[in-house]
């Protein structure tokens, strides 16, 4: 198995590719950050559900992808903003709106992982993890 330098980008890409391939589910190795990203995606309606299975090194997160009534994937694209080589931090006023409100930004703040809209409302900045639309 290959060593990944950016596991969050790998997780987001797996979810996007599963939708594009019309797969109903996908899996990825578990981490707390990936579980928080999946929680946000579920709350915002981009995936049906996620589930954590296994223990120890075999722990994995399983995501059930969501499609529109026309059969198109709900997640059209994702953009990883903050990367391991270059972190991107933003103030609450600098959090981008994605596609005029049709997408979401995911921000890691001192109060936990949340959407950009919620962070803007609470006036909390943090690390801009990704943009999803």
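What follows draws every value from the coordinates through simple rules; no lab data is involved. As the structure is a prediction and not an experimental result, all values here were calculated from the model. Neighbour counts are summed over all protein chains in view; Cβ atoms, including those assigned to glycine, are modelled from backbone coordinates with ideal geometry.
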In region 106-124, which residues have a backbone nitrogen under 19 Å from the label point lying 7 Å from residue 91's Cα in the Cα-to-Cβ direction? 107-111, 116-124
Going by average Cβ density within 10 Å per residue, which order do the peptides 35-46, 86-97 take, highest to lowest? 35-46, 86-97
Can you put 4, 131 in order of Cβ neighbours within 10 angstrom, beginning with the fewest? 4, 131
Average Cα contact separation per residue, region 7-65, under 8 Å, 6 or more apart, as relative contact order %: 37 percent
Give the Debye-formula value of log10 I(q)/I(0) at each listed q (0.13, 0.15, 0.28 Å⁻¹), with one equal scatterer per alpha carbon of region 65-111, two decimals each. -0.44, -0.56, -1.18
According to the Kirkwood expression over distinct Cα-Cα pairs, how big is the hydrodynamic radius of the chain, in Å? 15.2 Å
If each DSSP helix of 4+ residues adds -39,500 (n - 2.57) and the sum is divided by the residues in the chain, what number results at 222 nm, nearest 500 deg cm²/dmol? -7500 deg cm²/dmol
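In nm, what is the difference between 0.36 nm times the number of residues separating residue 67 and residue 31 and their Cα-Cα distance?
10.4 nm
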Can you tell me which of 103-115, 59-71 comes out highest on packing, and rank the rest after it, using the mean Cβ neighbours within 10 Å? 103-115, 59-71
